[in-house]
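Down below is the structure, laid out as structure tokens.
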Amino acid sequence: MAPQIDAVILAGGMARRMGGNDKGLVDLNGQAMICHTINKLSTQVDQILINANRNQAQYEQWGYTVFSDQDSGYLGPLAGMVTALKQTQADYLLVVPCDCPMLPTDLTARLLAALEQQQADLAVASDGEYEQPVVLLLKPHLAASMQAFLDAGERKIDFWYRQHKVAVESFADQPNAFVNINTPEQKQQLATQIAK
Ligand SMILES: Nc1nc2c(ncn2[C@@H]2O[C@H](COP(=O)(O)OP(=O)(O)OP(=O)(O)O)[C@@H](O)[C@H]2O)c(=O)[nH]1
Ligand SMILES: [Mg+2]
């Protein structure tokens, strides 16, 4: 039987480089940025959860389950991940950021295959050069270790996952897959590219 896979889209940051506007909700070519991410994921997972610390009602309008960090201190992406890991009933949790609108359509399948083949606890995507620490496939039992890491005051995601058996899956075949939008200038550049 195929494993159940939930996805959580992280939209819980302060988006300071975007000028403090909620990054998931800023317009990218006529749609909220997170809608581009949702469109990429919708056929890849059983359920999509959205992690946001403000504007929850606006995210709920699309019918997805929205939740905020258990710890409301803006502790970084791990705070959203650990909350989702504790909530999910699925076999795996796919984690992606809201600000990567060009994610691969075979992201889940390839991360799962890598994880299973290597009998790993988690899989991380790579662009061929750099690992993408907020693009992960996780087993829910990892919640305890992630919570302990946060409780110790640690925040760096790759430091956390290196404590476990990690499969790295390269998407070097899709050069724009992890284009990451942090500033209005980057958003404008991608909008122009998509429109071409
Ligand atoms: N749940 C949660 N998610 C976060 C937090 N900080 C960042 N993220 C998410 O993690 C992903 C990557 O973070 P960044 O690109 O640094 O986003 P950001 O922190 O909102 O933006 P900056 O303030 O410009 O750094 C984004 O999807 C953010 O929404 C947080 O404290 N809690
Ligand atoms: Mg940040």
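Take the residue pairs LYS23/LYS187; LYS23/LYS165; LYS86/LYS156; LYS156/LYS187; LYS40/LYS196; LYS40/LYS187 and return only those whose Cα atoms are more than 21 Å apart.
LYS23/LYS165; LYS156/LYS187, as the Cα separations exceed 21 Å there.
How much net charge surrounds GLU154 when only other residues with a Cβ under 15 Å from its Cβ are counted (Lys, Arg +1; Asp, Glu -1)?
Taking every Cβ under 15 Å from that of GLU154, the sum is 0.
At q = 0.13 Å⁻¹, work out log10 I(q)/I(0) for the chain with the Debye formula, treating every Cα as an identical point scatterer and leaving solvent out; two decimals please.
One equal scatterer on each Cα of the chain leads to -0.65.
Taking the beta-carbon count within 10 Å as an exposure proxy, list THR37, THR183, THR108 from fewest neighbours to most.
THR183, THR108, THR37
Give a quick list of chymotrypsin sites (Phe, Trp or Tyr not before Pro) in the range 134-166 that DSSP marks as loop, anything other than H, G, I, E or B, with at most 15 other Cβ atoms within 10 Å.
Answer by residue number: there is no such site.
A short reminder: the numbers here are calculations on the coordinates, not readings from a lab. Keep in mind that this is a model prediction, so the values were computed, not measured. Don't worry about glycine lacking a Cβ; one is built from the backbone with ideal geometry, like all the others, and counts go over all protein chains shown.
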